[in-house]
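Everything on this sheet refers to the single structure shown next.
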Amino acid sequence: MCPGTFDPITAGHLDIIERAASLFDELVVGVAVSPEKGGGPLFSIDERCEHVRVAVQHLSNVKVQPFDNLLVDFAEEVGATVIIKGLRAVTDFEREFQMAQLNYSIDSSIETMFIMAIPEYMYLSSSAVKEIARHNGPVRGLVPEVVLVALTARLTLSR
Ligand code: PNS
């Protein structure tokens, strides 16, 4: 299972999902409803799930599901034994290490595994994409096409 907030899904997320999908028979992408992150998401849970669904439609072994419970409980619900996270620059490490430790302490039957981001996506994040888009900057190539369209529509409306 590959969890995240995906607000919105980026090309970096998609690369990790594609690589994880080639390693496992089945992959569930879990979209977190209420991330413990400040500010609130730009896209609703339905919109984020839809963006991910469209972006992964070429991957036949990938399913997309929202979740609003503990990650390890959701993993058990969908029958996942491995949590896959993408790891970018060292700044991700502390937070991811803490989450992996916490999840392991709650349920040690579920392992967290990390896939390193490719250099091209090392500094790409959903927040950076939103920031660039808000200032009318170029986000083509940084996000799947479906997100490019949604971002343009959302930010044009709020201008
Ligand atoms: O894309 P993100 O914001 O890095 O994803 C974070 C996410 C959704 C994986 C994390 O917030 C999460 O696991 N939320 C579910 C609640 C939970 O289980 N918290 C305890 C683990 S730290």
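Read-outs throughout are calculated quantities, based only on the coordinates presented, and are distinct from any laboratory measurement. Owing to the predicted nature of the structure, the values given are computational and were not obtained by experimental measurement. We place every Cβ from the backbone using ideal geometry, glycine too, and count neighbours over all the protein chains shown.
So here's what we get for this one:
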{"read-out": "Residue in the stretch 19-39 that is out of contact with any Asp or Glu (no Cβ under 7 Å at 6 or more places or on another chain), hydrophobic (A, V, I, L, M, F, W, C), part of a helix (DSSP H, G or I) and surrounded by 15 or more Cβ atoms within 10 Å (Cβ to Cβ) present", "value": "yes"}
{"read-out": "Single residue of the stretch 80-103 satisfying the filter (among the β-branched types (Val, Ile, Thr) and under 19 Å from Val29 (Cα atoms)) that is farthest from the ligand (Cβ to nearest atom)", "value": "Thr81"}
{"read-out": "Number of positions in the stretch 104-116 that are surrounded by 13 or more Cβ atoms within 10 Å (Cβ to Cβ) and within 13 Å of the ligand (Cβ to nearest atom)", "value": "5"}
{"read-out": "Qualifying helices (runs of 4 or more DSSP H) (wholly inside the stretch 89-159; at least 1 residues being among the polar types (S, T, N, Q) and within 15 Å of the chain's Cα centre (by Cα))", "value": "126-134"}
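Every residue, every condition in (1) closer than 25 Å to Glu120 by Cα; (2) among the small types (Gly, Ala, Ser), yes or no:
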position	(1), (2)
Glu18	yes, no
Ser22	yes, yes
Val31	yes, no
Gly40	no, yes
Ser60	no, yes
Ile83	yes, no
Asn103	no, no
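Residues checked against (1) away from the ligand (no atom under 15 Å from the Cβ); (2) touching a Pro at 6+ places or on another chain (Cβ under 8 Å):
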| site | (1), (2) |
| --- | --- |
| Pro3 | no, no |
| Pro8 | no, no |
| Ile17 | no, no |
| Phe24 | yes, no |
| Gly30 | no, yes |
| Gly40 | no, no |
| Glu50 | yes, no |
| Pro66 | no, no |
